[in-house]
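In what follows, a structure is listed as structure tokens, so that the remarks can point back to it.
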Amino acid sequence: MKYQRSSALFAEAQKVIPGGVNSPVRAFKAVGGDPIFVERAEGAYLYDADGNNLIDYINSWGPMILGHAYKPVVDAVIDKAKRGTSFGMPTEIETEIATLAVSMVPNIDKIRFVNSGTEACMSAVRLARGFTGRDKIIKFAGCYHGHSDSFLIEAGSGAVTFGSPNSPGVTAGTAKDTLLATYNDLNSVSRLISANKDEIACIIIEPVAGNMGCIPPKKGFLEGLRELCDEHQILLIFDEVMTGFRLAPGGAQQLFGINADIVAFGKIIGGGLPVGAFAARAEIMDFLAPIGPVYQAGTLSGNPLAMAAGLAMLKELNGNPGIFDSINKKTEYLHRGLDQVLSEGGIKFTINRLGSMISVHFSENQVEDFESAAAANNNTFKKFFHGMLDQGIYIAPSAFETWFICDALTYEDLDRTIAACGKLVENLK
Ligand code: PMP
């Protein structure tokens, strides 16, 4: 496949946009080469500026769970746009999507919409601090909760891909209130709680980590966090930006049967438009302005186009619960197929999967936390990425990312992907 026009567009972009991209991991820095410029996408396929078509395993990093340009979502947006694109005043559709989201997700009474996952997590933490009157938070190394200051401490995803899990610009004053624990290690959390008694407002976690590749929680880990939080009056925040409306209609809370105190959403809840949200029981949510003291706001929050896309998406998922089973089965099929060809090729690898989140680490050891994810062989990953891309298959351009399976993928697409992987195993040695 040829990518001349993408490379030319990238050269132009770099003149006026830092690094040529508006979000770092798009730049292919971890895998080398120039990023691909997309012209349009439909179903499971991306169509790029050079006329190539690619099977898409990223799906805009998660939102496009039903595939690209999904008709009910697109129609809803077009219809809304004709009636004005932003008012800065309340609209009925905000209550409609809020009501539906609250009915789908366990243990939440109220939800507030924002414009990104970053905003959702940032606001969730502010709310937790305001509610508890405490300053410190616990996060896990390798988890990513957006780019707000408190979270850029040993962050995952693009932050670690670019070697800056601790970003300059985050003050020491802010960093000191973020305590770091090890994913899947309850003792690391207990130690921090003991050393900071009555000072911790919340523990924020990706219930299935997706920003160091996919790392599912070990049995008992999330349950243990819930118990520790109850014991020490700490709020448990599930960052369900990736897992929400993906692992189950009610997300990880429903899948694992564990209640969080505050839940953050993004990605799917906006149907591919810029949306985030955070939600909790009424006693916590009513701490927010205008009825409570914790301030949080947004000119474009609850934007009608974004709400129309999100509502159409949630209606589809709510009305067709078989979708979850369908994408899980497709992901399992892919898992088994990749597992087989990589094993037969004698490659050292670990595939982690939960539901429709999956990633391949080139390590023979179990990958269960940031350290084990970082120990995998990145050179092999680079060869894997480019080998797949050369055959028209677009996977995440970093080993610290998860692939998100969409329901538009056919078993034929999956077979093509597995065969492509089989073809390149020799080059991975
Ligand atoms: N939380 C998680 C778990 C994420 O994966 C992301 C983004 N990938 C965010 C928060 C931030 O969301 P956004 O990029 O929409 O700000």
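Since every read-out is calculated from the coordinates, none of them should be taken as a lab result. This is a predicted model, so every value here is computed, not measured. So basically every Cβ, Gly included, is an ideal-geometry build from the backbone, and we count neighbours across all protein chains shown.
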Quick one: which of LYS71/LYS218; LYS197/LYS267; LYS71/LYS329 span more than 31 angstrom between C-alpha atoms?
LYS71/LYS218; LYS197/LYS267
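Among ILE204, ILE78, which comes first, second and so on when ranked by fewest other beta-carbon atoms within 10 Å? Numbers along the way, then the final one.
Numbers: ILE204 26, ILE78 11.
Listing ILE204, ILE78 from fewest to most nearby Cβ atoms yields ILE78, ILE204.
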Testing the spin-label approximation: label points 7 Å from Cα along Cα→Cβ at LYS423 and VAL74. State their distance in nm.
2.8
Options VAL425, ALA280, ASN352, ranked by Cα towards positive dipole end of the chain, top entry (Cβ charges)
VAL425
Please report the base-10 log of the normalised intensity I(q)/I(0) for the range 45-140, using a Debye sum with one equal scatterer per alpha carbon and no solvent, at each q in 0.21 (1/Å).
-1.29
Suppose we take every Cα in the range 1-49 and form the convex hull; what volume per residue is that in Å³?
93
Expressed in angstrom, Rg and Dmax over the Cα atoms of the range 220-299 are 13.9, 41
Computed over the range 71-319, the relative contact order (Cα-Cα under 8 Å, seq sep at least six) in percent reads 30
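If I stretch the segment between ASN196 and ARG40 completely, what's the gain in nm (0.36 nm per residue apart, minus their alpha carbon distance), one decimal?
That works out to 51.1 nm of additional length.
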In Å³ and rounded to a whole number, note down the convex hull volume per residue for the Cα atoms of the chain.
137
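How high is the relative contact order of the chain, given as a whole-number percent (alpha carbon pairs under 8 Å, six or more residues apart)?
Details: 884 pairs, mean separation 95.6, N = 429.
Reported relative contact order: 22 percent.
Dipole of the chain, Cα-centred, from +1 at each Lys and Arg C-beta and -1 at each Asp and Glu C-beta, to the nearest 20 debye? Intermediate values should be presented prior to the final figure.
Numbers: 37 positive and 47 negative charges, 114 e Å.
So the dipole magnitude of the chain works out to roughly 540 debye.
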Contour minus end-to-end for GLU92 and TYR333, with contour as 0.36 nm per residue of separation and end-to-end as the Cα-Cα distance?
82.6 nm
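Write down, largest first, the equivalent ellipsoid semi-axes of the range 71-319 in whole Å, where each equals the square root of 5 times an eigenvalue of the alpha-carbon gyration tensor.
Details: eigenvalues 177, 68, 65 Å².
One finds semi-axes of 30, 18, 18 Å for the range 71-319.
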By average Cβ neighbour count within 10 Å, what is the ranking of 206-219, 307-320, 391-404, 235-248 from highest down?
235-248, 206-219, 391-404, 307-320
Which of THR410, THR299 has the fewest other C-beta atoms within 10 Å, and how do the rest follow up to the most?
THR299, THR410
Would you calculate, for the chain, the mean residue ellipticity at 222 nm contributed by helices, counting each DSSP H stretch of 4 or more residues as -39,500 (n - 2.57) and dividing by all residues, to the nearest 500?
-11500 deg cm²/dmol
May I ask for the net charge around GLU426, where only other residues with Cβ less than 13 Å from the Cβ of GLU426 are counted and Lys, Arg are +1 while Asp, Glu are -1?
+2
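Taking a cut-off of 16 Å, what percent of all Cα-Cα pairs in the range 88-155 are separated by more than that?
Working: 1371 of 2278 pairs.
Percentage above 16 Å: 60.
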